[in-house]
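Single-structure report; data block below.
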Amino acid sequence: MRKPALLIGALLATLSCLAQSTTGTITGTVTDPGRAVVTGAQITLTNSLTGLVKTVVTNSTGQYVLDFIPVGIYTIRIEDPGFTPQQRGRIEIAAAQGIQINFSLHVQSVTQSVSVSSEAPLISVGTSDLRTQISSTQLNELPVSHQDWTSLLQTTPGIAQSDAGSAGSEDGSGIDINGLPGTGYNLTVDGTNAAQDMEHPAFGFSEAPNIINTVNNDAIQEVSMVRGIAPASVSGTMAGNINIITKGGTNAFHGDVYEINEENLYDARNQFETSRPRTTFNQFGGAISGPILPNKMFFFTSYEGVRYNAFTDVSDDVPTPYLISISPSVFASEFAAYPAVPQPADQPQAYTVNLHKTGSTVQNDSNGIVRLDYNQSGNNQYTVRYTRGRPYYNDPNIIVINPRIYQDHGDAYNASWIHSQGQWVSNARFGYNRLRSSRDDVGIAQDFEGVSFSGFSTGGSELFLKAGDIWTGEESIAWTHGHHTIQTGGIIQKWNAGRTDLNTTDVSYSSLSDFQSNIPSKIRITFDLAPFNIYEYQFGGYIQDDYRILPNLTINAGIRYDYFTVPKEDSGRLFNRGINPAAPQLGPGFGPYLPADSIYNANHFNIQPRLGFSWGFGPSGYRAVVRGGFGVYTNPHEIYGEAINEVQTNAQTPFRITLNREQALAAGLQYPVPRADYTTILQNLQTQGVFSSDFADSAIKQSYPNPYSMQYTLGISQAFPWDSVLDIAYVGNRGLHENITDVENLPDRISGTAPFPQFSQFNYYYAGDTSNYNGLQVQLTKRLSQGITFGAAYVWSKSMAFEYAGLLKESSPQDNNNIKADYGPTPYDIRNHFVLNGVWTLPLQQWFGLTSRPAGYFLGGWRLSGVFTATDGNPNNIGDGNSSYPSDRPDPVPGVNPYVGHYNLGQLQYLNPLAFVNPAIEENSGAQIRGGYLSKDSIYGPGEINLDATLSKSFRFTEHAQFELHMDSFNALNHTNLGGLETDTTSGSFGQLTSATARTVQIGGKFTY
């Protein structure tokens, strides 16, 4: 069955169409004064900046389609013998945008040309998906901290960001679309895969060490987002697509240079600090573009650099003098690495206290881009682009000897060819993304181990290297036949991902007596992993029919198929285990190794139908549009997680083992466990019979279908005066086959004996989770006119799931045998979210009634912009850090409110510790005697209110040269938004808010010509 699927995938890939669109479409109908259709009329489209000319003629139904139009500003002209020519200008085409422009011709009485100065219609007709653009105007005029375009994603309804996108987080994605998993989206630049992590989608490198995400702002023409009922051309995502369109050159030379500066003198004091730590931030760059051959060949290039040095707030739980005084001397070196703290006066026997201190942060980044465009003719356009990124980050630690240093490299290449011939148009595209990452915990040179007890954890140390590539090849064809526009296309994509990984040991304790006796409840040993390379492919294709039944009614029907291969490793080092014939009741993962590189069965049934409609009302079909539909969207399995964790040096050497309390005692293992002894320890475990001759490291269920979503929407767009549009939509979806990670072979809670004592604990991955999202999404936008543009968005939604570890499988259920007990909110369940953004060019001359040139110099060019956000808090999962079970929760105390009212800077206690009680820890297992009754993710953190504002003044020297000075203030009102809720009930700071935002200010200047 595999071979036919591969052949079908390859065949579809050779057929055509573009997966993530970088172009737009103009359609329309031409009629005469009697409302009869006009056939054979010539439509000419001209790019106002590059001179590109495209022509088509109306077909037998009087309709025309201009497809695969590069992003830009155009003029459209219609001519037919006997009728007066008509022309419309300032038609701005955005990526993936569908515009309908109908013409009603008049009989020619004299030789004349009717010229109508207009802009693109406010409402798109002919598409059923939900599309949003962040324009270059928004990127340049709205307050954007450190020029990070991702901060404006929040202005789009249904898109939420989390701490996952912050520096040092476990992944660099930090984005959730319509309640679906945070890595379920697809990121592209100019239409090809642009993930900054070869193991999963991310707009930042692994753990987000970068300041510049993917592409520097100065190189971005627009950011296009497709949500809801995306057409069949969109692939590799169960949530939506984010596509960055880069700038290209024009017939005129343009350029800019800029500098942005932030100093601690401008900023407010962080609420957790007694002073303003030194901060020096400089961001600089420039761009230049223009013609190489007028109307034919153009270039664009830009560079941005960042230099950031600061003393930043670092916080963590640290051991108190009391704990140190009652601890054995074996931990002296670990305690010596921590800063000394006084014993809290009101807690003479507290084990830990939360400490805030300043750490030295260094974060440098650079990003450059070069792009060439060649318009050979109206029938052939070529584009090539190269992007380079080099972030560096020195992340301080509360333990001074163990900072984390990141050094990453990214090189991305993209090429495209648009070709038109008669009634059809094709678009070929190629992308190559080369990524290299290095993460070094300095403490590994001193074999600094991880020790965890009662809320504090040293974290251990690691040397971690990643390298990989993403190859993308796409081809597209579209043609028009009567009322139909047919698109068909395909994609071939290859991911490579490799690692080198060295770790120190992690040792955990569940009780004070065990800690004092150095009896671990859990020891995790990660054996040195030699370099490896995993690869997998995507073969996909589709066909889409946009059927214009009436000029204002379109049916969007499509179907696509994607085949994602099972990951392979170059040297056959992917190991997975099946069922043990002697103990089938234990389930998968306890049996012998399956054949190498056959870690799960491929899914051959990723068929994805999509059906939508768009129905316009009004004289021209533009004043109101009702749109909706249903679609199925499939996501590939991420290489991160299950595939990575199946790699071993060989069948007898696991990547990682986790010993429970009983196994650690049998093996005589306790802190310290030096890396130099790993080989001896492994041999002893095998020869002593503590473990079998080989080990279960992790396992994947053989039936492991791809995660997918079923999405459904219904909404209306209504145009209003003053160039404004109101969009109201119900958006719903259901996620299926999402991933769950069970931790298997855990010790019995009472006896402490594992079900299979000769095996380590291991992760078991299977596609058993489901999620659902229901939301009301409202958006009001006003296009720039009379010096004002704004957008407002409100979302009222609910997102629920069983486990919802996302697609990165980073959490596990409390009870593997009762997943339904974990049903609850997802981490992105933000019930209410409101955001307002706008730009206002202040009419000071008009207000003061001064029209002279000197008055214009001082009063003209003032601009005020801002982004206001008000949102509910995120759900938090409360856990028992002392339990050896990974996801144990406490019990709620009946009748006790878990929240403390009127929390503030003087009262950082947000949760009432008396509202939670941990079930007793059983000494034999180090685990709770049972799981807690508190529901998963049932505690919501505090909401947030924030205003970012910019005041700018431009000085125009000539018609084409100006200088702009701007001041950006983030959290301009210095409103205290507290966060960092401590959710470990064993921590001395449980229930406290440990982080806060303070106002920061950046000042910049930009010269453009």
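Within region 390-465, considering only strands (runs of 3 or more DSSP E) that don't extend past its boundaries, which have at least 2 residues that are outside the structural domain of L45 (by TED's automatic domain parsing), β-branched (V, I, T) and in contact (Cβ under 8 Å) with a residue 24 or more places away in the chain?
Filter on region 390-465 gives 404-421.
At pLDDT 80 or above and either in a helix (DSSP H, G or I) or not assigned by TED's automatic domain parsing to the domain that holds Y374 (or both): which single residue out of L12, L66, L7 fits that description?
After ruling out the rest, the residue left standing is L66.
Show the residue pairs meeting these rules: Cβ distance below 6 Å; 6+ apart or different chains; first residue within region 71-83 and of a type in the set (K, R); second residue in a strand (DSSP E or B).
Final answer for the pair search is R77/T44; R77/Q87.
Collect the residues in region 321-379 that are outside any loop (DSSP other than H, G, I, E, B), of a type in the set (D, E) and either without any contact (Cβ under 8 Å) to a residue 40 or more places away in the chain or closer than 30 Å to W417 by Cα (or both), keeping them in residue-number order.
Scanning region 321-379 gives a single hit, D373.
Among (1) out of contact with any Pro (no Cβ under 7 Å at 6 or more places or on another chain); (2) without any contact (Cβ under 8 Å) to a residue 60 or more places away in the chain, which single condition is T500 missing?
With (1) out of contact with any Pro (no Cβ under 7 Å at 6 or more places or on another chain); (2) without any contact (Cβ under 8 Å) to a residue 60 or more places away in the chain applied to T500, the lone miss is (1).
Among (1) buried (at least 21 other Cβ atoms within 10 Å of the Cβ); (2) under 26 Å from N745 (Cβ atoms); (3) modelled with pLDDT of 90 or more, which single condition is S760 missing?
The one condition S760 does not meet is (3).
Conditions (1) at pLDDT below 90; (2) among the hydroxyl-bearing types (S, T, Y), marked per residue:
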| residue | (1), (2) |
| --- | --- |
| I549 | no, no |
| A557 | no, no |
| T565 | no, yes |
| E569 | no, no |
| A582 | yes, no |
| G591 | yes, no |
| S598 | yes, yes |
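Does D317 fit the bill of being within 30 Å of N971 (Cβ to Cβ) and part of a strand (DSSP E or B)?
Yes.
Test of understanding: among I559, I543, which residue is touching a Phe, Trp or Tyr at 6+ places or on another chain (Cβ under 8 Å), farther than 19 Å from D597 by Cα, surrounded by fewer than 23 Cβ atoms within 10 Å (Cβ to Cβ) and in contact (Cβ under 8 Å) with a residue 40 or more places away in the chain?
After applying the criteria, what remains is I559.
Basic (K, R), under 33 Å from the mean Cα position of the chain (by Cα) and under 20 Å from S698 (Cβ atoms): is that true of R560 in this structure?
no
For residues in region 569-593 being free of Cβ contacts under 8 Å to residues at least 60 places away in the same chain and hydrophobic (A, V, I, L, M, F, W, C), which is surrounded by the most Cβ atoms within 10 Å (Cβ to Cβ)?
Applying the filter and picking the extreme gives I579.
Considering only region 423-461, how many residues are surrounded by 24 or more Cβ atoms within 10 Å (Cβ to Cβ) and among the basic types (K, R)?
Residues meeting the conditions: 1.
Since A478 meets every condition but one in (1) among the small types (G, A, S); (2) outside any strand (DSSP E or B); (3) within 30 Å of Q421 (Cβ to Cβ), which condition does it not meet?
Going through the list (1) among the small types (G, A, S); (2) outside any strand (DSSP E or B); (3) within 30 Å of Q421 (Cβ to Cβ), A478 breaks only (2).
Got a sec? Which of D469, D514 is out of contact with any helix residue (DSSP H, G or I) (no Cβ under 6 Å at 6 or more places or on another chain), in a helix (DSSP H, G or I), on the phi < 0 side of the Ramachandran plot and assigned by TED's automatic domain parsing to the domain that holds E642?
Testing whether each residue is out of contact with any helix residue (DSSP H, G or I) (no Cβ under 6 Å at 6 or more places or on another chain), in a helix (DSSP H, G or I), on the phi < 0 side of the Ramachandran plot and assigned by TED's automatic domain parsing to the domain that holds E642 leaves just D514.
Counting only residues that are of a type in the set (V, I, T) and at pLDDT 95 or above, which one in region 462-478 is surrounded by the most Cβ atoms within 10 Å (Cβ to Cβ)?
Ranking the qualifying residues of region 462-478, first place goes to T472.
Which condition from (1) modelled with pLDDT under 95; (2) over 33 Å from the mean Cα position of the chain (by Cα) is the one that P892 breaks?
It fails just one condition, (1).
Among Y823, Y885, Y794, which is in the same structural domain as V917 (by TED's automatic domain parsing), surrounded by 23 or more Cβ atoms within 10 Å (Cβ to Cβ) and of a type in the set (F, W, Y)?
One residue alone meets the criteria, Y885.
Taking only region 529-581 into account, find how many residues are part of a strand (DSSP E or B), out of contact with any helix residue (DSSP H, G or I) (no Cβ under 8 Å at 6 or more places or on another chain) and among the aliphatic types (A, V, I, L, M).
Final tally of qualifying residues: 8.
If only one of Q702, Q688 is of a type outside the set (V, I, T), assigned by TED's automatic domain parsing to the domain that holds E738, in contact with a strand residue (DSSP E or B) (Cβ under 6 Å, 6 or more places away or on another chain) and surrounded by fewer than 20 Cβ atoms within 10 Å (Cβ to Cβ), which one is it?
After ruling out the rest, the residue left standing is Q702.
Tell me, which strands (runs of 3 or more DSSP E) lie completely within region 749-855 with 1 or more residues that are in contact with a Phe, Trp or Tyr (Cβ under 7 Å, 6 or more places away or on another chain) and without any contact (Cβ under 8 Å) to a residue 12 or more places away in the chain?
none
Name the single residue, out of those in region 305-356 being more than 17 Å from I399 (Cβ to Cβ) and of a type in the set (A, V, I, L, M), that is surrounded by the most Cβ atoms within 10 Å (Cβ to Cβ).
My answer is V306.
Taking interchain pairs and intrachain pairs at least six residues apart, which have beta carbon atoms under 8 angstrom, with the first residue in region 933-945 and outside the structural domain of F916 (by TED's automatic domain parsing) and the second surrounded by fewer than 23 Cβ atoms within 10 Å (Cβ to Cβ)?
none
Does Y406 satisfy the criteria of being surrounded by fewer than 16 Cβ atoms within 10 Å (Cβ to Cβ), in contact with a Ser or Thr (Cβ under 9 Å, 6 or more places away or on another chain) and among the hydroxyl-bearing types (S, T, Y)?
So Y406 fails the test.
Quick grid of which residues meet (1) of a type in the set (K, R); (2) within 30 Å of K357 (Cβ to Cβ); (3) buried (at least 17 other Cβ atoms within 10 Å of the Cβ); (4) modelled with pLDDT of 95 or more:
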| residue | (1), (2), (3), (4) |
| --- | --- |
| E923 | no, no, no, no |
| Q928 | no, no, yes, yes |
| R956 | yes, no, no, no |
| A961 | no, no, no, no |
| H975 | no, yes, no, no |
| S987 | no, yes, yes, no |
| Q992 | no, yes, yes, no |
| K1006 | yes, no, yes, yes |
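Condition check ((1) outside the structural domain of A445 (by TED's automatic domain parsing); (2) aliphatic (A, V, I, L, M); (3) in contact with a Gly (Cβ under 9 Å, 6 or more places away or on another chain)) across all residues:
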{"residue": "T634", "(1), (2), (3)": "no, no, yes"}
{"residue": "H637", "(1), (2), (3)": "no, no, no"}
{"residue": "L659", "(1), (2), (3)": "no, yes, no"}
{"residue": "E662", "(1), (2), (3)": "no, no, yes"}
{"residue": "A667", "(1), (2), (3)": "no, yes, no"}
{"residue": "Y671", "(1), (2), (3)": "no, no, no"}
{"residue": "D677", "(1), (2), (3)": "no, no, no"}
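Of the residues S115, S21, S109, only one is within 22 Å of D545 (Cα to Cα), at pLDDT below 85 and either outside the structural domain of P294 (by TED's automatic domain parsing) or in a strand (DSSP E or B) (or both); which?
S21
Filtering region 777-787 down to residues that are surrounded by 15 or more Cβ atoms within 10 Å (Cβ to Cβ) and of a type outside the set (S, T, N, Q), which residue is modelled with the lowest pLDDT?
Looking at residues that are surrounded by 15 or more Cβ atoms within 10 Å (Cβ to Cβ) and of a type outside the set (S, T, N, Q), I get L784.
The values are calculated or read from the model by the stated rules, or taken from the named source; none is laboratory data. This structure is a prediction, so every number in the text was calculated from the model and none was measured. No Cβ is skipped: glycine too gets one built from the backbone with ideal geometry, and neighbour counts run over all protein chains shown.
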